[in-house]
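The values are calculated or read from the model by the stated rules, or taken from the named source; none is laboratory data. All values derive from a computational prediction rather than experimental measurement. Positions of Cβ are generated from backbone atoms using ideal geometry, with glycine treated the same way; all protein chains shown enter the neighbour counts.
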Amino acid sequence: MQDPGRLTLGQRWAVNASDSQFNALAGAIGGFTSGIVTCPLDVIKTKLQAQGGFAAMQKGGAHAHVGHTPRVYEGLVGTASVIWREEGLRGMYRGLGPIIMGYLPTWAVWFTVYNKSKKWVGQYQTNTFAINFWSSIIAGASSTIVTNPIWVIKTRLMSQTASHDRPRFSLFPKGGNTPTTRPTLAAPWHYKSTLDAARKMYTTEGILSFYSGLTPALLGLTHVAVQFPAYEYLKVKFTGRSMGAQPTAGQDEKAHWLGILSASILSKILASSATYPHEVIRTRLQTQRRPIPGQEYMQGLGGVAPPEQAAGGVGVANTPRQQQHQVPKYRGIAMTFRTILREEGWRAFYAGMGTNMMRAVPAATVTMLTYEYVMRQFNGARTAGRQKLLGLYDRPELGGST
């Protein structure tokens, strides 16, 4: 029979673990759980955000406005129906691999850096809101730079459809056994899996393709700069405890978790409403293929616009020389903003926002509830372990002091 005074394996780890390890593991578990629960909504949101760019490209002309092109996806239910009909359950979870690969390091890095930054910024600031604000910026920048390649792959996988599986002429015939020869592609931008996407992006577009949309992603730091200071403020107001802290003794359990739930929902709604347009710009940049010298004008997922279209001219047949100087349709935040505004209007910047709210709010709620729960378990195991250690030290029969 086990001695009740002996430490369990979990308590032994918790006693020796640092706060950074607590935050990293709790954040990773929270992000992983959130990714599994909300992946279908993430797919729907990405389809709605990206389809404006696809429609304009498929029209092929300089005056190809999305308003004149039939839209494939309409609303949450309509988009879900199309995906389910064409791709089934697999389509609803397209991109789940990168989500799992992405959320684990994203939230592990974020919560670790955030809590460390709070201590560092606290040496120079006394205002709690300012401390939380700058800590959110630092943590968000760190996690964004580390995980941007994963999110680019995720966005591309989610944006494509099963109709792209049809074999097509290869733009890149494979010759000999040269390792650097570009792979033969069934379709110029179709990806079968996470690793397949990474391989094709690297060999056909180069390393910079993994950092498409990094600048608007960094602009997205305004999102966490709003969300987490708001969450900390609201959680303290509702529960009297800061993020990751143990509830006070005798506190009503239901009230404590209701406070966390309310703080999560309100802070996420506030942040998403204020910063949503940058997500549309980032999605357009991420789903756009980088130009390849000598390639023909490609339709579909982020093809490149012919020079006359990029310049706003009329559709004139390309000469071989012109084809070598094709440029991406979207170049930089300012140009992408102007292009979307000119071709699709201001409403395009809020495409999929309702769906995004239905995805982002549950995602944030699941992440924070899981994080808070795991942190509570870790802190509880640490406290129990330390109490047992004190008890062992005071037991003479075990060699402790009296």
Test: residue in segment 21-28 that is farther than 23 Å from Ala364 by Cβ and at pLDDT 85 or above: yes
Segment 337-366, residues that are modelled with pLDDT under 85 and of a type in the set (S, T, N, Q): Thr355, Asn356
Residue check for Ala62: at pLDDT below 70, in contact with a helix residue (DSSP H, G or I) (Cβ under 9 Å, 6 or more places away or on another chain), on the phi < 0 side of the Ramachandran plot and assigned to a loop (DSSP other than H, G, I, E, B): yes
Members of segment 213-257 that are part of a helix (DSSP H, G or I) and either of a type in the set (Ser, Thr, Tyr) or touching a Cys at 6+ places or on another chain (Cβ under 6 Å) (or both): Thr215, Thr222, Tyr231, Tyr233, Thr239
Segment 258-273: number of residues that are surrounded by 14 or more Cβ atoms within 10 Å (Cβ to Cβ) and farther than 21 Å from Trp107 by Cα: 1
Candidate set from segment 92-123 (those that are among the β-branched types (Val, Ile, Thr) and at pLDDT 85 or above); member that is nearest to Asn148 (Cα to Cα): Thr106
Subset of segment 214-266 (residues that are over 22 Å from the mean Cα position of the chain (by Cα) and among the hydroxyl-bearing types (Ser, Thr, Tyr)): Tyr233, Thr239, Ser242, Thr248, Ser262
Which listed residue, of Leu398, Leu390, Leu369, is among the aliphatic types (A, V, I, L, M) and either in contact with a Cys (Cβ under 8 Å, 6 or more places away or on another chain) or modelled with pLDDT of 90 or more (or both): Leu369
Residues that are of a type in the set (S, T, N, Q) and farther than 23 Å from Tyr103 by Cβ, drawn from segment 365-393: Thr383, Gln387
Inter-residue pairs, beta-carbon under 6 Å, first surrounded by fewer than 17 Cβ atoms within 10 Å (Cβ to Cβ) and in segment 207-222, second at pLDDT 85 or above and not in a loop (DSSP other than H, G, I, E, B), 6+ apart: Tyr211/Asn148
Every residue from segment 102-132 that is assigned to a helix (DSSP H, G or I) and either surrounded by fewer than 19 Cβ atoms within 10 Å (Cβ to Cβ) or at positive phi (or both): Pro105, Lys116, Lys119, Trp120, Val121, Thr128, Phe129, Ala130
